[in-house]
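Scroll down for the structure; my scribbles are underneath it.
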Amino acid sequence: VANALISAILGQGAELQRFLFKRDPANLGKLHTTGLFRHARFINHTGFVLNDLGTVLLTRSWVPLLTPFGPIMAVYILHWQVVPTVVAHMAEKYGDKWHRYCKETPAQYVPLVF
């Protein structure tokens, strides 16, 4: 239950915060660096992986680890395929604002750790 709650807050909660930020006309063209994204640049991805790990814990089986939608594949896809694409896009779109955000928020996934 705790894992489901934490993964929902980090994954869907972060996405909801970003949606509300982007929906406000005053934030048009601005980089969202507040809320949960203040702590880690891809904290929403952390929530998604925790959700997948919850499936492994719930089923008490190692098999979901190896499925195409399991946490190992999710980490691989997110870290080595999705994130580099997003980083390149954000750097191009926001320039110095993105680079400053990266310096101010060094954690990519887990605050103060990674």
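Bear in mind these aren't lab numbers, they're just calculated from the coordinates by the rules spelled out. If you're wondering where the values come from, they're calculated on a predicted model, not measured in any experiment. A quick note on method: Cβ atoms are made from the backbone with ideal geometry, for glycine too, and the neighbour counts reach across all protein chains shown.
Here are a few things to note about the model shown:
- Local electrostatic count, His79, Cβ distance below 14 Å [Lys/Arg +1, Asp/Glu -1]: 0
- When every Cα-Cα distance of the stretch 34-86 is counted in 5 angstrom steps from zero, the calculated P(r) takes the values 4, 20, 25, 21, 15, 9, 4, 0 percent.
- Along each principal axis, Cα extent of the chain, largest first, Å: 46, 26, 24
- Leading residue at positive end of dipole, the stretch 12-61 (Cβ point charges), from Thr55, Gln12, Thr34: Thr34
- Relative contact order [Cα under 8 Å, 6+ residues apart], the chain, whole percent: 31
- Cα-based reach from Lys103 at 17 Å (exclusive), listing aspartates and glutamates while leaving out same-chain residues under 8 positions away: Glu92
- Between the helical axis of 14-23 and the longest alpha-carbon principal axis of the chain there is an angle of about 30 degrees.
- A Förster radius of 30 Å, combined with the Cβ-Cβ distance separating Phe19 from Glu92, puts the computed FRET efficiency at roughly 0.85.
- Range of Cα positions in the stretch 49-114 per principal axis (Å), largest first: 46, 23, 12
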